[in-house]
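The values are calculated or read from the model by the stated rules, or taken from the named source; none is laboratory data. None of the values given here were measured: they were computed from a predicted structure. Neighbour counts run over all protein chains shown; Cβ positions are idealised from the backbone, glycine included. These accessible areas exclude ligands, DNA and RNA; they are computed on the full protein's heavy atoms, side chains included. Shrake-Rupley method; radii C 1.70, N 1.55, O 1.52, S 1.80 Å.
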Amino acid sequence: MDILKWRKKNSAIKSYAHFDKRVSVGNNFIWNYITNPKSVAHHGFYPFIRSTRKFKKYNKTDGVKNKERPICYSAHIDRCIYQYYSFLLNERYNQRALDDGINNVAIAYRNNLEKQNNITFAKTAFDFIKANQDCFVMIGDFTSFFDKVDHNYLKSQLCSLLSVTKLPDDYYAVFKNITRYSFWDINDLLTINGLPNTQKGIRELNEKETVLSSQEFKQHKKQYLQRNGNCGIPQGSAISAVLANIYMLSADKIINNYVRELGGLYMRYSDDFIIALPNISVSKFNEVYSWIMQYYKDMPGVELSPEKTKLYHFCDKVVFSYESAEEELTQKSRINFLGFSFDGTEVTIRDKTVSKYYYRLYRKAKQIVESDFISPNGNPISCRNLYRLYSCKGAKANLGMKGGNFITYVNRAYNTFDRAESVKRPVRKHMRKIRKALNKPQ
């Protein structure tokens, strides 16, 4: 991507408040500063602000589970630096991916695969499996991928990408402050500002010019400032995504070469990967499985999640699952990858994804019904927002447009998967279900 086009695309000023005033790469002074290696090498990075994103995961088997994910966001000038160096590293990574033959292996966080997404990647994987009458499949997931990144190993991969034995001073400054970073919990900032730990309190904090004055920062930093340990990089920074791909550079090349020699397919989307091996024996599949498991066991900072490592055999348009590579086939199953599910004949949107959609829909409808269609201010509730968020009425007619809702996503998947009715089936009656939920007696 052309650097000037990239700058224009990323020139918007972020609305959140931080320890510094709001700036962006569109500002000429800021641009000259972050593109000067000497300035970056001596830059004093601010602490991150860490917030905990709480969300609910729902499926038919386990019901609702509360989940938490810590997200760190950087000061505005630091974000500009991370953005710029992320661009530089992405450009180098893209060329290295081509040179190493892994351009279609690492498929997440890429700025040269903009017309592709998880839908097209899932279709590529399932099409490969379907094209073979007999195929073994391994699905894997890394445990707490970003939290376990080994700093020394990351540095070695960065040096390899940059073709240096020692990181240049500016790159080292960026590396040091994204690994051994400090952070300030947003709850403590709310307390210092006398604001409640609520969405309203966070909005009021973000309306300030800075979250603390320089005097308040000096006064409270000894008590509240925290530091990251010997591993991990923050989720949420502008550079973390490309660093995750760089971290896997050697692994992706070695595993891809190994799998391709067997006529197979290897794809990795962040911390999820799929390996498909056609026309091999059970014993050979066991050998490959053992090799993969051992490789990741020996790799610093990478841990495979045992409960999310799944083994399958696609044969005669049926998918069977294994409990382990050494055991016999157990039962008919479905291969789940990137939000889609394949049973050997048809592809559908994963049950868990659909369940989450309906859970949120019904929760919103229940709130409206229980309020007797009257808002807290005493005004009638039109339900327009419910339909905008959860129905075809809120889906953009043009699928290429930004925005839309889950139905927009379903329509896009429907077209990508050659207009397969199985993709649309779970939401075919969504309008009827919304009306029924709104008419449901209390």
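In order along segment 312-318, the Karplus-derived 3J(HN,Hα) couplings, from 6.51 cos²θ - 1.76 cosθ + 1.60 at θ = phi - 60°, round to 9, 10, 9, 8, 6, 6, 10 Hz, and Gly and Pro are given as x. Computed with a 1.4 Å probe over protein heavy atoms only, the accessible surface of segment 236-323 comes to 40 Å² per residue. Label-to-label distance, N117 versus R419, with points set 7 angstrom from Cα along the beta-carbon direction: 2.0 nm.
Taking label points 7 Å from Cα along the Cα-to-Cβ direction, Q367 and N103 give a separation of 4.6 nm. Amide H to amide H distances under 5 Å link D134 with N279, where only residues 5 or more positions off or on other chains count and H is placed in the peptide plane.
Once the chain from T191 to D351 is taken as fully extended at 0.36 nm per residue, the excess over their C-alpha distance is 53.5 nm. With the highest mean first, a sort of the peptides 172-185, 424-437 on other beta-carbon atoms found within 10 angstrom per residue produces 172-185, 424-437. Phi-derived couplings, Karplus 6.51 cos²θ - 1.76 cosθ + 1.60 at θ = phi - 60°, listed residue by residue for segment 260-269: 5, 4, 9, x, x, 10, 10, 9, 10, 10 Hz, with x used for Gly and Pro.
The stretch between R260 and L389 holds 42.1 nm of extra length on full extension. This uses 0.36 nm per residue minus the Cα-Cα distance. For the residue pairs K14/K393; K352/K393; K148/K284; K130/K332; K253/K356; K54/K200, alpha carbon separations beyond 26 Å are given by K14/K393; K148/K284; K253/K356. Dividing the summed helix terms, -39500 (n - 2.57) for each DSSP H run of n ≥ 4, by the number of residues in the chain produces a 222 nm estimate of -13500 deg cm²/dmol to the nearest 500.
Under 5 Å between amide hydrogens, built in the peptide plane, is the criterion, and for D150 it picks out G232 among residues at least 5 positions away or on other chains.
Taking the accessible area of segment 246-344, probe 1.4 Å, and keeping the other protein chains in place, the carbon and sulfur fraction comes to 47%.
Overall, the accessible surface of segment 170-231 at a probe of 1.4 angstrom is composed of carbon and sulfur to the extent of 42 percent. Per residue, the solvent-accessible area of segment 153-207 (1.4 Å probe, heavy atoms of protein chains only, all protein chains present) comes to 50 Å². The residues of segment 1-145 expose on average 50 square angstrom of accessible surface per residue, using a 1.4 Å probe on protein heavy atoms. Counting 0.36 nm for each residue step from K8 to S182 and taking away their Cα separation leaves a gain of 59.6 nm. For the chain, a Gaussian network of Cα nodes joined below 10 Å ranks Q219, Q116, Q235 by mean-square fluctuation, and the top entry is Q219. Remark: the Cα gyration tensor places the chain in the oblate category, a/c being 1.5 or greater and a/b not exceeding b/c. Simple spin-label estimate for V282 and Q199 gives 5.3 nm between the two label positions (7 Å along the Cα-to-Cβ direction from each Cα).
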